[in-house]
Amino acid sequence: MNRDEITGLILAGGLGRRMGGADKGLQVLRGRAMIEWVIDRLRLQVGTLLINANQNLETYRSFGLPVVEDEIGGYCGPLAGLHAGLRRCATPWLVTSPCDSPFLPMDLVERLGAAATASGAELAVAKTGGRTHPVFALARRRVLDSLAQYLGAGGRKIDAWYAALPVAEVAFDDEADAFANINTRDELRAADQ
């Protein structure tokens with residue numbers, strides 16, 4: 001799979017409830033906004049990169065990337081961000097990563113892509129141990145209609161939507177720490193050490 005066939009989408013559209021309402025992507029980690037760490041790692045793996053955000057839009061645009069807002073109102077979670085990204089995506093594939101996982105694997109797209117291609121799956125999702133990481137996913141652009149129908153029917157649970165599609169789960173046990181996300185101020189302080 002050629003990186004030019006893949007659009008990257010950084011999910012930064014949440015409310016940051018566990019961070020006290022702060023915009024997680026803009027929280028400073030080791031002198032830089034968390035989203036900058038994600039941009040640097042994901043940019044090397046894709047042809048095009050987008051940010052999904054619903055607040056602080058001008059600040060997110062200052063990183064020099066297109067910003068897409070949820071088209072479904074009410075902060076409906078990562079599926080709303082994925083929906084917005086797929087609608088904007090001009091490539092056959094879209095890979096997602098959250099803005100609060102600054103140490104994502106440098107081979108994320110390569111491994112997800114290999115699994116999706118080998119299995120013919122519509123989605124490839126990262127997994128460590130017995131836990132899937134559904135916001136680290138590579139999706140074929142053509143799943144947009146399925147997702148739009150699911151969201152239109154009131155569905156919001158990412159795992160429930162994935163269950164209706166052919167999905168390849170990709171083991172990243174060798175890089176389990178790369179999927180750590182920073183949700184609270186205490187976790188941010190610990191990661192800053």
Item to check | Matching residues, segment 132-188, being touching a Cys at 6+ places or on another chain (Cβ under 6 Å) and either closer than 23 Å to Lys24 by Cβ or surrounded by fewer than 15 Cβ atoms within 10 Å (Cβ to Cβ) (or both) | outcome: Arg156
Checklist entry - Quick check: is even one residue across segment 54-69 in contact (Cβ under 8 Å) with a residue 40 or more places away in the chain and touching a His at 6+ places or on another chain (Cβ under 7 Å)? => result no
Checklist entry - Going by the structure shown, is Gly130 of a type in the set (Gly, Ala, Ser) and without any contact (Cβ under 8 Å) to a residue 12 or more places away in the chain? => result yes
Checklist outcome for this item: Among residues of segment 74-118 being outside any helix (DSSP H, G or I) and under 18 Å from Lys157 (Cβ atoms), the residue farthest from the chain's Cα centre (by Cα) is Gly74
Checklist outcome for this item: Of Arg140, Arg111, the only residue that is in contact (Cβ under 8 Å) with a residue 60 or more places away in the chain and of a type in the set (Lys, Arg) is Arg111
Item to check | So Ala124, is it surrounded by 20 or more Cβ atoms within 10 Å (Cβ to Cβ), at pLDDT 95 or above and assigned to a strand (DSSP E or B) | outcome: yes
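The values are calculated or read from the model by the stated rules, or taken from the named source; none is laboratory data. The structure displayed is predicted, hence computed values, not measured ones. Counting neighbours? That spans all protein chains shown, and the Cβs are built from the backbone with ideal geometry, glycine included.
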